[in-house]
Amino acid sequence: MSDARPEVGDLVLAVTTDTKWVCTDIIGAKTHRPVWLLRPLFGSVSRRQLRVDRDDLVSYSVIARRGEWIRP
């Protein structure tokens with residue numbers, strides 16, 4: 001696992017809930033307050049996306065980079 005910030009397509013783990021998420025977008029990536037959009041790895045695509053700001057990102061760990069993991 002990595003403490004690096006996730007990039008689009010990365011698989012991340014929510015440390016507190018032990019759930020896996022996929023980073024789908026980074027809003028304001030070149031600003032001082034970027035927001036990461038995460039969707040659950042399992043479940044329908046229509047489920048809500050989670051918005052995570054930089055301060056809350058410490059609760060998520062990158063477990064696989066884009067291209068290193070396969071969707072189930």
Would you be able to say whether some residue in the range 2-14 is of a type in the set (A, V, I, L, M, F, W, C), open to solvent by 50 Å² or more (accessible area, probe 1.4 Å), modelled with pLDDT under 90 and out of contact with any Pro (no Cβ under 8 Å at 6 or more places or on another chain)?
no
Do you know which residues across the range 35-72 are under 13 Å from LEU11 (Cβ atoms), open to solvent by 80 Å² or more (accessible area, probe 1.4 Å) and either of a type outside the set (Val, Ile, Thr) or modelled with pLDDT of 90 or more (or both)?
PHE42, ARG66, GLU68, ARG71, PRO72
How many of the residues in the range 22-34 are assigned to a strand (DSSP E or B) and either open to solvent by 50 Å² or more (accessible area, probe 1.4 Å) or farther than 13 Å from GLU7 by Cβ (or both)?
2
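The values are calculated or read from the model by the stated rules, or taken from the named source; none is laboratory data. Please read all numbers here as calculations on a predicted model, not as lab measurements. Using ideal geometry, Cβ is built from the backbone for each residue, glycine included, and neighbour counts are taken over all protein chains shown. Quick note on the areas: whole protein, heavy atoms, side chains included, nothing else; ligands and nucleic acids left out. Shrake-Rupley method; radii C 1.70, N 1.55, O 1.52, S 1.80 Å.
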